[in-house]
1. So how many residues does segment 135-159 have that are more than 16 Å from the ligand (Cβ to nearest atom) and surrounded by 20 or more Cβ atoms within 10 Å (Cβ to Cβ)?
2. Give all pairs with beta carbons closer than 8 Å in which a residue from segment 203-231 that is without any contact (Cβ under 8 Å) to a residue 40 or more places away in the chain meets a residue that is acidic (Asp, Glu) and surrounded by 19 or more Cβ atoms within 10 Å (Cβ to Cβ); count only pairs at least 6 apart in sequence or on separate chains.
3. Return the residues of segment 254-275 that are open to solvent by 40 Å² or more (accessible area, probe 1.4 Å) and either within 27 Å of Lys333 (Cα to Cα) or in contact with a strand residue (DSSP E or B) (Cβ under 7 Å, 6 or more places away or on another chain) (or both); say none if nothing qualifies.
4. Tell me which strands (runs of 3 or more DSSP E) are completely within segment 162-246 and hold 3 or more residues being more than 14 Å from the ligand (Cβ to nearest atom), or say none if there are none.
5. How about segment 6-20: which of its residues are within 24 Å of Leu322 (Cβ to Cβ) and in a loop (DSSP other than H, G, I, E, B)?
6. Inspect all residues belonging to segment 133-154 and state whether any of them is in a loop (DSSP other than H, G, I, E, B) and over 27 Å from the mean Cα position of the chain (by Cα).
7. Being surrounded by fewer than 18 Cβ atoms within 10 Å (Cβ to Cβ) and touching an Asp or Glu at 6+ places or on another chain (Cβ under 7 Å) is the filter here; which residues of segment 96-117 pass it?
Amino acid sequence: MLVARLNRRGISVTGVTKATLGLPDIANAWLRAGVSGLGDSRIENIDTLRRAKIEASIVLIRSPMLSQVDEVVALTDVSLNSELEVIRKLSFAAQQANRSHGVVLMIELGDLREGIMPDLLESTVAAVLRLSHISLEGIGTNLACRSGVSPSSTNMAELSSLADSLETAFGISIKTVSGGNSANLNWALSGGDTGRINNLRLGEALLLGCEPLHRQTVEGLYTDAITLVAEVIESKQKPSQPWGDIAQSAFGEVPQGDDIGNRVQSILAIGHQDIDPGGLRPPQGIDILGASSDHLVVDSSNSPNQFDVGDEVSFQLNYSALLRAMTSPYVAKVITNRESPSS
Ligand SMILES: *Cc1c(COP(=O)(O)O)cnc(C)c1O
């Protein structure tokens, strides 16, 4: 749905697999759905995708580590870059490997994560164009990640005009203008002028069906494509308040709350090592009371169903909980092929 809507506006979609650790099933589903290529922040995930025989274009979306330039050149076609020193090493690595490597120069537009300051862009481009085994694919920016700066008609117009002025200054063509991530969707789909922006790199919106600025559902998308299932290992009536001398818990929290008598308390076999407990949405009537490394404690007193040991409980996850669950070797990843009935 997003590919179709954005393509109509002249914008291609790079499917960002990093939150899934480069899970080939998901990458393949996105490629079948028409993404123009894949992106990941970790060369190890890209290696996973290549080992699964995925031949689509894959972009490394984090500036390469100097220690990994050989792998980057071997496994990807393009990387997002903001350091000349890295690009020089990429050129050298590409020369050694007898190939050419594409570079998208990231520009700092206010979120204060990666990017070249706009007034230094021209001198950087001049230096990049002198490198024998690098092709300048385009420019890009990334907003809303570190500081929550929203993509807007102003900062997107600035990116467009930088593309225009580079073309004029150097007589080159800037093929790709990559405007950002899922946080750009409101801007991109609002109907306003999208200027030179012809690519977005989308992860969260494709996985969770929401945009990250206000975490609203993107119209027409499912928000339950991914479900976390945890198993009950203890279920008992217990008091709502701890007793004894109370100090800090394992994760530095001081227990709070009122004495509301006996509650039905269950423990699920999942914890901080596997999820961000604050990022779980439990079923109706279930409250999350706390978590330690391997235990998630819930109160099911208000639920119509009580849990027995061995029962399974399903949760929806936010981006942070999803990322950690996908990273945990203790969480089995099961892919089902439930095609949407309405499509
Ligand atoms: C993570 C990331 C993305 C994807 O972000 P989402 O919010 O998941 O869409 C895009 N570009 C860069 C540079 C990233 O690091």
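The values are calculated or read from the model by the stated rules, or taken from the named source; none is laboratory data. The shown structure was predicted, so the numbers you read here are calculated from the model rather than taken from an experiment. Note that each Cβ is placed from the backbone with ideal geometry, even for glycine, and that neighbours are counted across all protein chains shown. Note: areas computed on protein heavy atoms with side chains; ligands, DNA, RNA excluded. Shrake-Rupley method; radii C 1.70, N 1.55, O 1.52, S 1.80 Å.
1. Count: 1.
2. Pairs found: Cys210/Glu204; Glu211/Glu204.
3. Asn262, Arg263, Ala269, Gln273
4. Output list reads 228-239.
5. If the condition is that a residue be within 24 Å of Leu322 (Cβ to Cβ) and in a loop (DSSP other than H, G, I, E, B), then Thr17 is the only one that fits.
6. Yes: one or more hits.
7. Hit for segment 96-117 is Met117, nothing else.
Yes or no, residue by residue, for (1) at pLDDT below 95; (2) at negative phi:
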site	(1), (2)
Ser100	no, yes
Leu105	no, yes
Gly110	no, no
Thr124	no, yes
Ile139	no, yes
Asn142	no, yes
Met156	no, yes
Ala183	no, yes
Gly192	yes, yes
